Structure formats: C-alpha cells, structure tokens
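Colleague: One structure, pasted below without further comment.
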Amino acid sequence: MRNLEDLFEHQLKDLYNAEGQLVNALPKMRSAAHNGSLKKIFEDHLNETRQHIERLREICKELDIDPKGEECNAMKGIIREGEEFMELNIDPDVKDAGLISEAQRIEHYEIAGYGTLVQFAEELGYADIAEKLTQNRNEAYRTDERFNELAKERLNRKAR
C-alpha cells in the first residue's frame, strides 16, 4: 500500500468479505436462538447485511474496484467463536444471552470498520460514498441497540 487510497480500497474489500461471511453465519445464529424476538432480529440483520453488501458493491463499481480479493480474518475468528458457542448444550435462555453477546461482537466490528471507512472517504473527497458508508454504520448501530435492548429487557434476567 502506497497511500490512503490504497488503504481505503483494502479496507473496503475487507469489509465486503466480512459482510459476505456474515450472510452465511446469521441463518445459523437465527436457528440456534430460542427467543422469537431474537430470531426476528437475526432475520432483520440478515436482510440488512444484504443491503450493506449491495451498497459496498455500488461503491466499488463507482470506484472501479473489484470488491473481491481480501479475506477478513477478524470476522472469520468472531464467527468461529460464535459457532463454537452455538454447539454448547446449555440452557436455552443462557444460549440466547450468549448469542446476543456474540452478535454484538460482530456489530462492534462492523461499526469500527464502517467508521474508519467513512473517515477515509471524507478525507479522499468521496462525499457520496461516505454517505453510503455512514448509512451502513448507522444501521449497525441500530442493530446493536436492538440486541442490547432485548438483552436488558428480557434475556439476561431469564438467563440468571
């Protein structure tokens, strides 16, 4: 990498791959959940993630970048930990609380990644692209908040 433009491209591809991995992981998380509200959040998050991927494709097309070519090892590790957790034979309420924890790790990774990309896009003068990336980041914030509210309202208490 020679400059911020190269770093931006690298980070964009990395997040594109992370979102692609997430599309494969979310149905498993939804299936492992017991609480209906939690299943719904996972389903909504899957649809939202597909939108994130589409926006990233649009950005890459606009910049004449092939979005493929990077593997996000960080997301791979977070998902692997989640899969290991899902295999545990534990109380359903505890499992749901743990699934929220795993999902929030994913959300925080997304928020950090999009936050960085927004700053890079602004620095590079890509206002429209920064706006699309901000939309993805804000959706990740809202999803994280939904997980948080569900945990506080019900699931953490039930898991006691």
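Since every read-out is calculated from the coordinates, none of them should be taken as a lab result. Note that the structure is predicted; figures quoted are calculated from it, not measured. Ideal geometry is used to build each Cβ from the backbone, glycine not excepted, and the neighbour counts take in all protein chains shown.
Colleague: Any chance you could tell me what percent of the C-alpha pair distances in the chain go past 28 Å? Intermediate values should be presented prior to the final figure.
Modeller: Working: 3063 of 12720 pairs.
Here the long-distance tail beyond 28 Å is 24 percent of all Cα pairs in the chain.
Colleague: Follow-up. If neighbour count is taken as other Cβ atoms inside 10 Å, put D64, D6 in order from fewest to most. Could the numbers behind the result be given before it?
Modeller: Numbers: D64 6, D6 10.
Ordered from fewest to most neighbouring Cβ atoms within 10 Å, D64, D6 come out as D64, D6.
Colleague: Something else about it: For a quick check, take a GNM of the chain with Cα springs below 10 Å and name the residue from A25, A74, A130 with the largest mean-square fluctuation.
Modeller: Largest GNM mean-square fluctuation: A74.
Colleague: Another one. Magnitude of the Cβ-charge dipole of segment 4-158, K/R +1 and D/E -1, about the Cα centre, nearest 20 debye? Display every interim value, and only then the final one.
Modeller: Working: 22 positive and 34 negative charges, 169 e Å.
In debye, rounded to 20, segment 4-158 gives about 820.
Colleague: Then there's this: Return T116, T143 ranked ascending by Cβ neighbour count within 10 Å, so the fewest neighbours appear first.
Modeller: Numbers: T116 16, T143 22.
Ascending Cβ contact count within 10 Å gives the list T116, T143.
Colleague: Tell me the relative contact order for the chain as a rounded percent, counting alpha carbon contacts under 8 Å between residues six or more apart. Each step should come with its number before you reach the end.
Modeller: Numbers: 162 pairs, mean separation 46.1, N = 160.
Value for the chain: 29 percent.
Colleague: A follow-up question, please. Can you tell me the mean projection area, over all orientations, of the convex hull of segment 49-94's alpha carbons? Units nm², please. Provide the component values of the computation, followed by the final result.
Modeller: Details: hull surface 18.6 nm².
For the Cα atoms of segment 49-94, the hull's average projected area reads 4.7 nm².
Colleague: Still on this structure, I have one more. Amide H to amide H, which residues 5 or more places from E70 or on other chains are under 5 Å from it, using H placed in the peptide plane?
Modeller: For E70, whose amide H was placed from the backbone, there are no distant partners under 5 Å.
Colleague: Okay, moving on. Using DSSP to define loop residues, name the trypsin sites (Lys or Arg not before Pro) in segment 59-139 whose beta-carbon has at most 13 other beta-carbon atoms within 10 Å.
Modeller: Within segment 59-139, the qualifying trypsin sites (Lys or Arg not before Pro) (loop, at most 13 other Cβ atoms within 10 Å) are K68.
Colleague: Right, next: Highest GNM mean-square fluctuation, the chain, Cα pairs closer than 10 Å: which of L26, L133, L88?
Modeller: Judging by the Gaussian network model, the answer is L88.
Colleague: Gaussian network model of the chain, Cα springs within a sub-10 Å range: biggest mean-square fluctuation belongs to which of D96, D66, D144?
Modeller: Fluctuation is largest for D66.
Colleague: Please identify every one of the GluC sites (Glu not before Pro) in segment 6-78 that sits in a loop by DSSP and has no more than 16 other beta carbons within 10 Å of its own beta carbon. Please report the intermediate quantities before stating the final value.
Modeller: Details: sites: E9, E19, E43, E48, E54, E58, E62, E70, E71; in loops: E70, E71.
Taking segment 6-78 and a limit of 16 other Cβ atoms within 10 Å, the loop GluC sites (Glu not before Pro) found are E70, E71.
Colleague: Now a separate question. Given the -39500 (n - 2.57) contribution per DSSP H run of 4+ residues, what per-residue ellipticity at 222 nm results for the chain, rounded to the nearest 500 deg cm²/dmol? Can you show the working numbers first?
Modeller: Numbers: 5 runs with 127 residues, N = 160.
Taking each H run of at least 4 residues, the total per residue is -28000 deg cm²/dmol.
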